[in-house]
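Here is the structure we will look at.
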Amino acid sequence: MKRSPTENAASARKVTRRALFLGASQLAFMGVLGLRMRFLQVDQADQFRLLAEENRIKIQLLPPARGLIYDRNGTALAENEQTFKVVIRKQDAQELDKVLAELERLIGLTPAEQARVRDDLKNRKIGPSTPITIADRLTWEQFSAVAANGPALPGITPEVGLSRHYPLKGDFAHLVGYVGPVSDYALSQMEEVDPIYHIPDFQLGKSGVEHRMEDVLKGKAGILRVEQNVHGRIIREIDRQEGQPGANIQLTLDHKVQNFVQARLGGESAAAVVLDVETGDIIAAGSTPSFDPNLFVRGISVADYNALLENDHRPLPGKAVQGAYPPGSTFKLVTALAALEAGVVTPDETVRCLGHVEVGSRRFHCWKRAGHGNMNLAASLRHSCDVYYYEMAQRTGIENIAKMGRRLGLGESYDLPLSGISSGLMPDKQWKLANRGAEWVVGDSLNAAIGQGFVLTTPLQLAVMTARVATNREVVPRLVRSIDGMEQPVRGGGELGINENMLRSVRQGMFEVLNSNRGTAYASRIADETQHMAGKTGTSQVRNTVVNNKNVPWEERDHALFVSYAPYDAPRYAVSVVVEHGGGGSSVAAPIARDVMLFALHGAVPPLDAYPSSQRNTIRERFRTLPLVGKEDESTERSRA
């Protein structure tokens, strides 16, 4: 059917509207698309350019310089030394055999070292651009030879870095400690692993101050941005932001006194502590034998480590704070003060010593089998009479003795940045019931009263005890003097509250130990009246049977102990000495303590006129042979004066 003109006109209008609508829609779509393209290509160009660059830019961490450790006078105890090394990256190891052969010729790279490099490249889970150290601690000549032969060593990169060094070697090994490579075990012990520990060859504190103050010493890593190609090979360095070095630490130690202590202890298995009685500063804390901490910095060899482990004198533990020993008769200072404070004895009251006492079915002997006769407090200390203290134990009771021991610093683990600090043991009735499942008996009190039985103390605790007796103040040991120049607080120092008259009685007995011709340490007196020393000898048994030390193996001999302070009228230092299996405290430990005390007071090898005239030739020869660091002609002449 033929459509009318009207219908054709209407149809044409509809087509025109649809065409216009479709055209408008297409135009709008193209406009939006154009705007989007402009947004992406112009407005967001920088962002997408950065994303593209990040596909070829690698960020690496730069190791910071580790903080330095000094003694109280500014002498370096732990420093960083420049080291030269050569490294290779897995991505550059295509001609490995040729390169290793050339390095063998240039720097003497051993077959074992070459095998280690091959094993690292094959088995270590590292990225292609992570460096593997081929050789470290090269001489300048070796380093120069590698650099000069660069074209013949494809993939090899000579690098300059820093490594830890301990210039005084064994003198501070137990205190400063040492660093070593970051092991998988060390990482597993961390709650949150700092990315800094993934830096190749980074060194981590393993013991002593290095370990306990790791967070202060390690610093913060820097950032290096490098450009690499599609194969992961580094093309150029784009940007470098150096890290933040670790904080420098100044300790309270004096390197001269520490060196003298180590030298004077010699080949003994022993420890000695020098404490400033005013501040609690640890001036020295020696432990012998020692070891060279530099051996651990790059990983100690199996042979060297086994040699340390198999040494029966135990060079690895720091005996000054880790060693716990029966204090022997040095503990009589505690028992005497406990008895005086409990009011069960007066300084002048006497106890008759017949050489033993009987308690129940057991006989407790005095070290002098014939007995000492009538003993008052001062005489009991001067002669170190055991029977007097057996009597005090029965009158006073272990609870009062233990209370006084803790008051004087025993049985406490001090908050110091050192490894494995022992708290010793100040036992009482509750302790024995909880730990031994048995009731406390009178015999336990008698043993404790003379520093035997369950009582254990460290040389540091004995020095603290002596300092508190000398001052009647709560002396607390301090090892860190400042961090980055910021002085660290002196803790404690408050009054102990012990009756001063009681302390004078005990101090008088300690004075007579050294300065009465019948004192147990009279031979170790100081001749200079302005520096008179007060002290107490101790000998602690390590076996139940009483046998002459000369007739038993070394490991079964008694420990020798001595505690002291000086000058008597104005105390400056407290000194404790423990010589493992040394025999008698008066013959072995006391002479060491006197020499150490005099060195601390003089700040150098003491003059011979500080010693009794009859001993000066012996002392002169002793000082002449001591291996002291920086021994000067002036010191030698001083010792001959």
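Points to keep in mind about this one:
- Local electrostatic count at L68 - Lys and Arg +1, Asp and Glu -1, tallied over other residues with Cβ under 12 Å: -3
- Extreme residue, positive dipole direction of the chain, given options V193, I526, G443 (C-beta unit charges): V193
- Spacing of the two label points (7 Å from each Cα toward its C-beta) at L626 and R225, in nm: 5.9 nm
- Helix 500-515 axis versus longest C-alpha principal axis of the chain: approximately 80°, rounded to the nearest ten.
- Taking 7 Å steps out from each Cα toward its Cβ at V490 and E399 produces label points 3.7 nm apart.
- Summed over all non-identical Cα pairs, the Kirkwood treatment of region 451-583 gives a radius of 16.7 Å.
- Extension gain (nm, one decimal) between V302 and S614, 0.36 nm per residue minus Cα-Cα: 107.4 nm
- Residue-span extension gain [S482 to D292] - 0.36 nm each, minus C-alpha spacing: 65.8 nm
- Per-residue packing, averaged as other Cβ atoms within 10 Å, sorts the ranges 458-466, 569-577 into the order 458-466, 569-577, beginning with the highest.
- Computed from label points 7 Å out along Cα-Cβ, the spacing between S423 and N374 is 4.5 nm.
- Exposure proxy for L561, L20: other Cβ atoms within 10 Å of each Cβ, ordered fewest to most, give L20, L561.
- Overall, the chain carries a charge dipole of about 1960 debye about its Cα centre when +1 sits on the Cβ of Lys and Arg and -1 on the Cβ of Asp and Glu, all other atoms neutral.
- Cβ crowding within 10 Å averaged over residues, with 472-482, 140-150, 379-389 ranked highest first: 379-389, 472-482, 140-150
- Report summary: the helix-based calculation at 222 nm, which adds -39500 (n - 2.57) for every DSSP H run with n ≥ 4 and divides by the residues of the chain, gives -11000 deg cm²/dmol.
- Relative exposure of R624, R491, judged by other C-beta atoms within 10 Å (fewest first): R624, R491
- Cβ crowding within 10 Å averaged over residues, with 591-603, 237-249 ranked highest first: 591-603, 237-249
- Members of K368/K429; K85/K218; K85/K122; K206/K429 lying beyond 28 Å, as alpha-carbon distances in this model show: K368/K429; K206/K429
- Across region 67-251, the volume of the C-alpha convex hull divided among the residues equals 150 Å³ per residue.
- Residues S207, S183, S587, ranked from the fewest to the most other C-beta atoms within 10 Å, line up as S183, S587, S207.
- With q set to 0.06, 0.08, 0.10, 0.12 Å⁻¹, the log10 of I(q)/I(0) for the chain, from the Debye formula over equal scatterers at the Cα positions, is -0.47, -0.71, -0.94, -1.19.
- Intensity falloff of region 568-631 expressed as log10 I(q)/I(0), Debye formula with alpha-carbon point scatterers, at q = 0.22, 0.24 Å⁻¹: -1.12, -1.25
- Cβ-Cβ FRET estimate between A152 and E310, R0 fixed at 51 Å, reported to 0.05: 0.65
- Loop-resident trypsin sites (Lys or Arg not before Pro) (DSSP state other than H, G, I, E or B) in region 116-222 with no more than 13 further Cβ atoms inside 10 Å of their Cβ: R124, K125, R137.
Values quoted throughout were computed directly from the atomic coordinates according to the rules given, and no laboratory measurement underlies them. Quantities reported herein were computed from a predicted structural model and do not represent experimental measurements. Neighbour counts run over all protein chains shown; Cβ positions are idealised from the backbone, glycine included.
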